[in-house]
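> Handing you this structure, nothing more for now.
The values are calculated or read from the model by the stated rules, or taken from the named source; none is laboratory data. Note that this is a predicted model, so its numbers are computed, not measured. No Cβ is skipped: glycine too gets one built from the backbone with ideal geometry, and neighbour counts run over all protein chains shown. For the accessible areas, the whole protein counts, side chains as well, though only heavy atoms, and no ligand, DNA or RNA atoms are used. Shrake-Rupley method; radii C 1.70, N 1.55, O 1.52, S 1.80 Å.
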Amino acid sequence: MGEVMEMTEVLQSVSDLPVQDPPGEEFSAADLRWVKYASSEHHCDDVALIPYDRMEAFISGECNNPEYPTRFHIERGRKRERGTLKEVRSDDYLLYRMYWCSFGPENYGEGGTILPSRRYRLNTRNRAARPQSMRGCTCHFAIKRLYARPSLALIIYHERRHVNKSGFVCHGPLDRDAIGPGARKVPYVGSEIQQQTMSLIYLGVPEENILQTHIEGIQRYCGSDAKVDSLASQYVHKLGMIIKRSTHELDLDDQASIRMWVDRNKKSVFFHQDSTETDAFVLGIQTEWQLQQMIRFGHQNILASHSSFGVSKLKYPLHTILVFDSRQQALPVAWVITRSVTKHDTSRWMKALTSRIHSVDSNWRIGGFIIDDPTSELDPIRNVFSCPILFSLWHIRRTWLKNIIKKCSNTEVQREIFTQLGKFMYSIWSEKNPMDVLEQLFQDFVDQTTFIQYFKSFWVPKLEMWIDSIRNLPLASQESCGAIEGYHLKLKLKAYDDSQLDALQRVDWLVHKLTTELHSGYWLNLYADESGSFPEVKAEYIASTSWQRALHIPDEAVLFDHKEPLSAKVASQKDASQMRTVWNVGSEFSLCSCSWSMQGNLCKHVIKVNMMYAPRKDVQPSLSFQSFQRVLLDLWQKPLDDSFSLDLSVAWVMQMQERIQKVAELAASDGIAQVAGKLPIQWANKRGRRTAIRRTSPMCILPHSNGSVQRDLTLKRNRKRRRLSNFSG
């Protein structure tokens, strides 16, 4: 695995290392020249220096090792900002990540000793993550993005051999301890191939197509012959039979069945509280793949809450934590099954979730948290995540539109009522009393008794709570609302499209649905999008939200009528002779004549028309933009002339302006290095030594949590104790 430079002594400084940049799309350790390096932190490890932008190429090359095909996961990571070090050593890092072979470090074999080298045998107890793939492999390396030279990455290979603690090869074609006759000839099936095959089975793809895809996957590691094809066919058939015969009922008693599931899937459970006389039932589920996606897409980004799903149909409502991927699609990264919304229970499972993430990446933080229920407790979110909270209107818009269509038969009446409800929402930031607008609606449509009675009995008692949340919290954009609604529709389709409707009152059935069908579907969607495989799955995934579908409608297909300025027509992409009409243009409460909108959904025609209508000067801003203006005005309220409050208000506004400028600049640039290079140099005198530091980003001046402050105080106390100990004796 590469060539180690023959040296009489070990290098003590990274500055003496040459930068290596092997050609090709990917490269491995065998393509590098390794040098022994030792410091106070490292004990004589093999190191190499490469450009930082080739880091992914190196990791990919190590994964595709023909002798030890594997995947490397991030075992732990750390990060620091520029300007935080007083003295910089040659091997100090900006970003540190330790990558470990996915066949380790734990060994989940029977007795923790020897496991089969090829996973042709299945662990039916845990099919959600990486069953039987942990075999105690000790191969791991670390990558440091150097503090002094951010364009370079230092690779530190702690263990280059794929062996267990006993020194034996523990996976791959060279494993001699494989179990079963002819096991050394069984084709290698990695966790990625197995998850891909499982996802296709759960989605109902014909077995012939699954087998073809499976064989193409294993041919990356071994040649194709009749024996390989026969064994692959047996594997796919056996895996399909296991999935078809699997059941959610591990015990006739639902509570006992859940306890058994939790015991068998401890790596996928981040919080569990059994139901007692004093405690409510709470079950928090997060698979290893979901953990990786939450770290990847959630850091310095937006999390969203999809709450109270199945409150009237399921035994316990489902609460989902969502992140938004690179295409701004909502991706479920944690599920919480509970009926409890108390501050105590919410705080406990949120702390357990963040603790699990911080055990992998201690610097992980989010930029904001979107809620969709005004009854949600805000204090746990603020205390645990330390971030701003936004409010989404997707739920109230969808519920109002569905009930208008259901309880009012006349199309024109449906349109007028929905428009009036939109005016009610917009009046929240005006000088008008929103309840006066609502009272006018009741008078104008007094003949619509079914809808009016429903609205007065169900919504009027709650409206004050909703208005307070809308006034006090910034509103989420229409794109994020559409993404959350897209997840809701997919979840509803999977959960309620089942012949065993009596199973809705069992928690184990819901857990089985989430961790098998729904989890596999999202895994395959993201895999198809990033790998380029399964073009049809990728196309369907991209078009799964109305916002993405609206982007594919050409501007020429939208026609505005000058005689009716609040309506527009959109030509169908499949049949140009068909026209869809959008009413109340320019509002989030626009209504379209298409069948998708008539089901209560936010359709692509409404979004496209509002995109084109928004730049006009005479159009009122969207609800989310109005709430944003309200936040800025609240920060910049005019205090007493020349008072301290004026200084504080100006400081807040300037801080927000700088943060918005940095985020906008980062979004428009090719990478963070381009933005960091433009930061001005600030000279500071620290302990009599003049050093050059970068100006701290506005993102870093936010107050840290109490835990971080406590750690800082502890470090200072320990330092003082060490000083005093020097004088003793």
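> Would you pick out the residues in segment 440-480 that are within 23 Å of residue 392 (Cα to Cα) and in a loop (DSSP other than H, G, I, E, B)?
459, 473, 474, 476, 477
> Going residue by residue through segment 367-376, is there one that turns out to be modelled with pLDDT under 95, farther than 24 Å from residue 282 by Cα and not β-branched (Val, Ile, Thr)?
Yes, because at least one residue in segment 367-376 is modelled with pLDDT under 95, farther than 24 Å from residue 282 by Cα and not β-branched (Val, Ile, Thr).
> Moving to a separate point now. Applying the selection to segment 521-533, what residues are farther than 22 Å from residue 320 by Cα and either at pLDDT 85 or above or of a type outside the set (S, T, N, Q) (or both)? I'd like the intermediate steps shown before the answer.
Taking segment 521-533 as the starting set, the residues that turn out to be farther than 22 Å from residue 320 by Cα are 528-533.
Within segment 521-533, 528, 529, 530, 532 meet the criteria.
> Hey, among 634, 555, which residue is without any contact (Cβ under 8 Å) to a residue 12 or more places away in the chain and over 19 Å from residue 396 (Cβ atoms)?
That would be 634, the only listed residue that is without any contact (Cβ under 8 Å) to a residue 12 or more places away in the chain and over 19 Å from residue 396 (Cβ atoms).
> With (1) assigned by the TED database to the domain that holds residue 374; (2) surrounded by fewer than 20 Cβ atoms within 10 Å (Cβ to Cβ); (3) more than 15 Å from residue 395 (Cβ to Cβ) as the list, and residue 495 as the residue in question, which single condition is left unmet?
Only one criterion is unmet by residue 495, namely (2).
> Every residue in segment 358-378 that is in contact with a Lys or Arg (Cβ under 6 Å, 6 or more places away or on another chain) and closer than 18 Å to residue 338 by Cβ, please.
Within segment 358-378, 377 is the sole residue that qualifies.
> Looking only at segment 602-636, how many residues end up being open to solvent by 40 Å² or more (accessible area, probe 1.4 Å) and not in a loop (DSSP other than H, G, I, E, B)?
Residues in segment 602-636 being open to solvent by 40 Å² or more (accessible area, probe 1.4 Å) and not in a loop (DSSP other than H, G, I, E, B): 11 in total.
> Right, another one. Could you look through segment 59-80, keep only residues that are in contact with a Leu (Cβ under 8 Å, 6 or more places away or on another chain) and crowded, with 16+ Cβ neighbours inside 10 Å, and pick out the one that is nearest to residue 155 (Cα to Cα)?
It comes out as 77.
> Same structure again: Can you find a residue that is within 19 Å of residue 271 (Cα to Cα), open to solvent by 20 Å² or more (accessible area, probe 1.4 Å), part of a helix (DSSP H, G or I) and among the hydroxyl-bearing types (Ser, Thr, Tyr) anywhere in segment 347-363?
Yes: one or more hits.
> Collect the residues in segment 137-167 that are at pLDDT 75 or above, open to solvent by 10 Å² or more (accessible area, probe 1.4 Å) and either of a type in the set (Phe, Trp, Tyr) or assigned to a loop (DSSP other than H, G, I, E, B) (or both), keeping them in residue-number order.
Residues satisfying the conditions are 138, 147, 148, 149, 150, 151, 160, 161, 164, 165.
> Take residues that are β-branched (Val, Ile, Thr) and tell me which of the strands (runs of 3 or more DSSP E) falling wholly in segment 485-600 contain 2 or more.
Here the list reads 579-583.
> Related question: Mind checking which pairs have a first residue in segment 354-380 that is more than 20 Å from residue 397 (Cβ to Cβ) and a second that is open to solvent by 20 Å² or more (accessible area, probe 1.4 Å) and assigned to a loop (DSSP other than H, G, I, E, B), Cβ under 6 Å, 6 or more apart or different chains?
364/299; 367/300; 367/301; 368/388
> Right, next: Closer than 25 Å to residue 319 by Cβ and in contact with a helix residue (DSSP H, G or I) (Cβ under 9 Å, 6 or more places away or on another chain): which single residue out of 280, 256, 232 fits that description?
280
> Identify the single condition in (1) in contact (Cβ under 8 Å) with a residue 60 or more places away in the chain; (2) touching a helix residue (DSSP H, G or I) at 6+ places or on another chain (Cβ under 9 Å); (3) of a type in the set (Asp, Glu) that residue 536 does not satisfy, given that it satisfies every other one.
If we test residue 536 against (1) in contact (Cβ under 8 Å) with a residue 60 or more places away in the chain; (2) touching a helix residue (DSSP H, G or I) at 6+ places or on another chain (Cβ under 9 Å); (3) of a type in the set (Asp, Glu), just (1) comes out false.
> Looking at (1) of a type in the set (S, T, N, Q); (2) surrounded by 13 or more Cβ atoms within 10 Å (Cβ to Cβ); (3) not in a helix (DSSP H, G or I), which one does residue 257 not meet, given that it meets all the others?
(3)
> Now, a different point. Mind counting the residues in segment 557-583 that are open to solvent by less than 90 Å² (accessible area, probe 1.4 Å) and of a type outside the set (Ser, Thr, Tyr)?
Of the residues in segment 557-583, 15 are open to solvent by less than 90 Å² (accessible area, probe 1.4 Å) and of a type outside the set (Ser, Thr, Tyr).
> With respect to residue 424, is the statement that it is assigned by the TED database to the domain that holds residue 482, within 37 Å of the chain's Cα centre (by Cα) and open to solvent by less than 20 Å² (accessible area, probe 1.4 Å) true?
For residue 424, the condition - assigned by the TED database to the domain that holds residue 482, within 37 Å of the chain's Cα centre (by Cα) and open to solvent by less than 20 Å² (accessible area, probe 1.4 Å) - is not met.
> Taking segment 261-292 on its own, how many of its residues are part of a helix (DSSP H, G or I) and either of a type in the set (Asp, Glu) or open to solvent by less than 10 Å² (accessible area, probe 1.4 Å) (or both)? Before the answer, list the steps.
Filtering segment 261-292 for residues part of a helix (DSSP H, G or I) gives 261-264, 266-268, 288-292.
Going one step further and asking which of them are either of a type in the set (Asp, Glu) or open to solvent by less than 10 Å² (accessible area, probe 1.4 Å) (or both), we end up with 263, 268, 288, 290.
Residues flagged as part of a helix (DSSP H, G or I) and either of a type in the set (Asp, Glu) or open to solvent by less than 10 Å² (accessible area, probe 1.4 Å) (or both) within segment 261-292 amount to 4.
> Looking at segment 31-72, which of the residues that are assigned to a helix (DSSP H, G or I) and hydrophobic (A, V, I, L, M, F, W, C) is modelled with the lowest pLDDT?
In this case the residue turns out to be 63.
> Then there is this: Let me confirm something: among 406, 402, which residue is within 27 Å of residue 441 (Cβ to Cβ), without any contact (Cβ under 8 Å) to a residue 12 or more places away in the chain, open to solvent by 10 Å² or more (accessible area, probe 1.4 Å) and not in a loop (DSSP other than H, G, I, E, B)? It would help to see each step written out before you state the result.
Values: 402 fails: without any contact (Cβ under 8 Å) to a residue 12 or more places away in the chain.
Being within 27 Å of residue 441 (Cβ to Cβ), without any contact (Cβ under 8 Å) to a residue 12 or more places away in the chain, open to solvent by 10 Å² or more (accessible area, probe 1.4 Å) and not in a loop (DSSP other than H, G, I, E, B) holds for just one of 406, 402, which is 406.
> Moving on to the next point. Scan 517, 485 and give me the residue that is outside the structural domain of residue 319 (by the TED database) and of a type outside the set (Phe, Trp, Tyr).
517
> Give the residues of segment 503-520 that are of a type in the set (Gly, Ala, Ser) and either open to solvent by 10 Å² or more (accessible area, probe 1.4 Å) or more than 30 Å from residue 327 (Cβ to Cβ) (or both), sorted by residue number.
Going through segment 503-520, the residues of a type in the set (Gly, Ala, Ser) turn out to be 503, 520.
Of everything in segment 503-520, just one residue is of a type in the set (Gly, Ala, Ser) and either open to solvent by 10 Å² or more (accessible area, probe 1.4 Å) or more than 30 Å from residue 327 (Cβ to Cβ) (or both), namely 503.
> What tally of residues in segment 297-348 results from selecting those that are of a type in the set (Gly, Ala, Ser) and closer than 16 Å to residue 389 by Cα?
Here the count works out to 5.
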